[in-house]
Amino acid sequence: MNKRKKASSSASRSTRGGHLLGPPRAAAGRTKSNGNKGTGPGSRKAAPQIEPPSNTLALAAECTVSDAGSLKERLAGLLDEPQAVTLDITALQRIDTAGMQLITAFVRERAGHGRPVEWQGTAPVLATAAHLLGLTSLLKLPA
């Protein structure tokens, strides 16, 4: 029989008193590698990609709990953007409640400060999840 570790509630404690998309906590003493092995002559360079305007965020094909940390950071970076922020949902194919919570918190926080969120594209999975969770009117999803 496998024993599971009990989940720590320290992450939830850090968000109390603030909004869900508050500044990300720094990992003490840890650094992240970008996964590149080297930049010598044998390594390939990625083709330059055309980036959307800084106030547009293209959601990945999957927005699940395993991707929540990076999604939270990306959304938090756009939280105080004075112009309308566009969420491009064209590629979205799978979303769970963690993804829905982050997107909902982002939209709600921006709306609370009079900053709009616009939608680009369609994603039936997002519309279905929003409907099931009663979030359609709050998110103001396109019809």
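The values are calculated or read from the model by the stated rules, or taken from the named source; none is laboratory data. Just so you know, these numbers come straight off a predicted model, no measurement behind them. Positions of Cβ are generated from backbone atoms using ideal geometry, with glycine treated the same way; all protein chains shown enter the neighbour counts.
Brief remarks follow.
- Checked against the criterion of being hydrophobic (A, V, I, L, M, F, W, C), part of a loop (DSSP other than H, G, I, E, B) and modelled with pLDDT of 55 or more, the candidates A60, A46 yield just one match: A60.
- Pairs, first touching a residue at least 12 places away in the same chain (Cβ under 8 Å) in region 132-143, second small (G, A, S) and not in a loop (DSSP other than H, G, I, E, B), C-beta under 9 Å, six or more apart: L135/A129; L138/A111; L138/A130; L139/A130; K140/A111; L141/A127; L141/A130; P142/A127
- Within region 84-143, helices (runs of 4 or more DSSP H) holding 3 or more residues that are surrounded by fewer than 18 Cβ atoms within 10 Å (Cβ to Cβ) and small (G, A, S): 97-112
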